[in-house]
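J.: Okay, handing you the structure first.
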Amino acid sequence: MTNETWTVKDILAWTSGRFVQLDLPTPLLDAQLLLSSVVGLSKVQLYMHHDRVLSGDERTRMRDLVRRRISGEPVAYLLGRKDWHELDLLVDARVLIPRPETETLLDFVLDVFRSAGREPARLLDLCTGSGCLAVGLGRRFPRATVVAVDVSAEALAVARENAKRNGAHNVSFLLADVREDGLFTRLLHEAGGAFDVVVANPPYVSESEWTHLDVGVRDFEPRLALVAENEGFALANLLAREVVREGVLSPESVFAMEVGLSHCDLLAGPEAPGHLETFPYNTQSWKFPRARSFALQDLTGRDRFWCRVSGLAFEGVAQESEAQGPDAQAAVDAANVERLERLRLEAEARALAAHSKDDGREPEGHFENV
Ligand SMILES: C[S@@+](CC[C@H](N)C(=O)[O-])C[C@H]1O[C@@H](n2cnc3c(N)ncnc32)[C@H](O)[C@@H]1O
């Protein structure tokens, strides 16, 4: 095969095969996303135009992306963007790439308010990073005020851009360290009252866990976004205490914080020593306690979110959610099914690419030196 005859199909097969050899987790999907960005076709269109021949310039750009992917750089950084929840987010090395489990945290807050038929007025996102949570909330509650805090000026620049890009004009950004004395007093003053929603996804990885992280995370994502002192527990512990302090949360409020895998029980504190009540992410069986912390599981059943729901407005949320009839419930279920389907498709893509490795067709030509 000569350089001139590399078609979309050839490059997809070659690239996914190479990614399989290197044991990348989602080889076909990565190959599709990179090639889509180079040739300006959607994933579906790649298959419709499988015999389209790439130009020399396109081959060069694809080869550069493939090299960077092989060195471990995450696909989202290579593309400079990430689809997350309903948002189109700018992402680069200044911010952590928003994760799927954090979508569940956002869904939880949205579901609780939707079920109660209420809208929050003041919302706070601590450790905002790319701004995914603040922007997602700001868009859904356009009449509310959202304050987003991060200690990194670089991260805040990305978050600001994401607010603009996604039409969330009600989010304001504050450069601050959540450990600062008097920060919450300042935030309450700035927002004009107590918060109806506080969300947080602080760094929660320990120093030793960080050294064992995947190369794509450890070498490319900001360490500041991942690692916290005290075995990764320092900031989550501080926020769990500060946020439930008198006056930060309004009487009708929701606090939800993403934490490390073992952290929910550690955070339990005196009100539930040693063990925190745990709830699966399933709106039909939500009967969580009021004004007492509990652990919420992600879609794979792991305790990931430290939550607290206060106020009579949220009494009977589970029952009302069912009573709202099929529509509201179906929307939630559909989002969850779609998320699980995405995980299944990624597994399938991996199996497919593994199969293509066995078709005896060795990668060759222009790409062989990659
Ligand atoms: C895990 S990332 C979360 C980003 C985003 N909220 C998300 O869910 O994808 C944590 C963020 O916390 C910020 N951060 C780290 N230490 C902080 C501190 N002491 N005060 C405020 N923000 C901090 C980092 O800059 C980073 O953007």
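J.: Filtering the range 1-36 down to residues that are surrounded by fewer than 18 Cβ atoms within 10 Å (Cβ to Cβ) and touching a strand residue (DSSP E or B) at 6+ places or on another chain (Cβ under 9 Å), which residue is modelled with the highest pLDDT?
T.: Filtering first and then ranking leaves Thr7.
J.: Report yes if some residue within the range 243-250 is within 11 Å of the ligand (Cβ to nearest atom) and surrounded by fewer than 17 Cβ atoms within 10 Å (Cβ to Cβ); otherwise report no.
T.: No, the range 243-250 contains no residue that is within 11 Å of the ligand (Cβ to nearest atom) and surrounded by fewer than 17 Cβ atoms within 10 Å (Cβ to Cβ).
J.: Also, quick follow-up: How about the range 170-238: which helices (runs of 4 or more DSSP H) wholly inside it have at least 3 residues that are buried (at least 17 other Cβ atoms within 10 Å of the Cβ) and hydrophobic (A, V, I, L, M, F, W, C)?
T.: Per the criteria, 183-191.
J.: Which of the residues that make up the range 294-324 are at pLDDT 85 or above and hydroxyl-bearing (Ser, Thr, Tyr)?
T.: Of everything in the range 294-324, those that are at pLDDT 85 or above and hydroxyl-bearing (Ser, Thr, Tyr) turn out to be Thr300, Ser310.
J.: Just give me the residues in the range 251-261 being assigned to a strand (DSSP E or B) and either more than 12 Å from Val197 (Cβ to Cβ) or within 13 Å of the ligand (Cβ to nearest atom) (or both), in sequence order.
T.: Matches in the range 251-261: Pro251, Ala256, Met257, Glu258.
J.: May I ask you to say which residue of Leu239, Leu266, Leu235 is without any contact (Cβ under 8 Å) to a residue 40 or more places away in the chain, hydrophobic (A, V, I, L, M, F, W, C) and assigned by TED's automatic domain parsing to the domain that holds Thr128?
T.: Going through Leu239, Leu266, Leu235 in turn, the sole match is Leu266.
J.: Would you confirm whether any residue within the range 45-60 is under 21 Å from Gly216 (Cβ atoms) and crowded, with 22+ Cβ neighbours inside 10 Å?
T.: no
J.: Under the condition of being within 9 Å of the ligand (Cβ to nearest atom) and among the charged types (D, E, K, R), which residue from the range 81-100 is surrounded by the fewest Cβ atoms within 10 Å (Cβ to Cβ)?
T.: Residue satisfying both the conditions and the ranking: Arg99.
J.: I've got another one for you. Output yes when any residue across the range 126-147 is within 13 Å of the ligand (Cβ to nearest atom), of a type in the set (D, E, K, R) and surrounded by fewer than 24 Cβ atoms within 10 Å (Cβ to Cβ), and no when none is.
T.: Within the range 126-147 (the criterion being within 13 Å of the ligand (Cβ to nearest atom), of a type in the set (D, E, K, R) and surrounded by fewer than 24 Cβ atoms within 10 Å (Cβ to Cβ)), the answer is no, since none of the residues qualifies.
J.: Only one of Ser172, Ser115, Ser208 is in contact with an Asp or Glu (Cβ under 6 Å, 6 or more places away or on another chain) and more than 12 Å from the ligand (Cβ to nearest atom). Can you tell me which?
T.: Going through Ser172, Ser115, Ser208 in turn, just one is in contact with an Asp or Glu (Cβ under 6 Å, 6 or more places away or on another chain) and more than 12 Å from the ligand (Cβ to nearest atom): Ser115.
J.: Working only within the range 104-136, note down all residues that are hydrophobic (A, V, I, L, M, F, W, C) and closer than 17 Å to Ala155 by Cβ.
T.: Correct list: Leu124, Leu126, Cys127, Cys132, Leu133, Ala134, Val135.
J.: Return yes when Val197 is under 21 Å from the mean Cα position of the chain (by Cα), within 16 Å of the ligand (Cβ to nearest atom), more than 22 Å from Ala228 (Cβ to Cβ) and of a type in the set (A, V, I, L, M, F, W, C) and no when it is not.
T.: yes
J.: Quick one: is Val217 in contact with a Phe, Trp or Tyr (Cβ under 9 Å, 6 or more places away or on another chain), more than 9 Å from the ligand (Cβ to nearest atom) and under 30 Å from Leu24 (Cβ atoms)?
T.: So Val217 fits the description; yes.
J.: Another question, if that's okay. So, Glu73, is that one within 16 Å of the ligand (Cβ to nearest atom), over 30 Å from Gly247 (Cα atoms) and not β-branched (Val, Ile, Thr) or not?
T.: In short, no.
J.: While we're looking at this one, here's another question. Do we find a residue being within 16 Å of the ligand (Cβ to nearest atom) and among the β-branched types (Val, Ile, Thr) anywhere in the range 33-40?
T.: No: the range 33-40 contains no residue that is within 16 Å of the ligand (Cβ to nearest atom) and among the β-branched types (Val, Ile, Thr).
The values are calculated or read from the model by the stated rules, or taken from the named source; none is laboratory data. As the structure is a computational prediction, the values presented were derived from the model and not from experiment. Note that we place each Cβ from the backbone using ideal geometry, even for glycine, and neighbour counts take in every protein chain shown.
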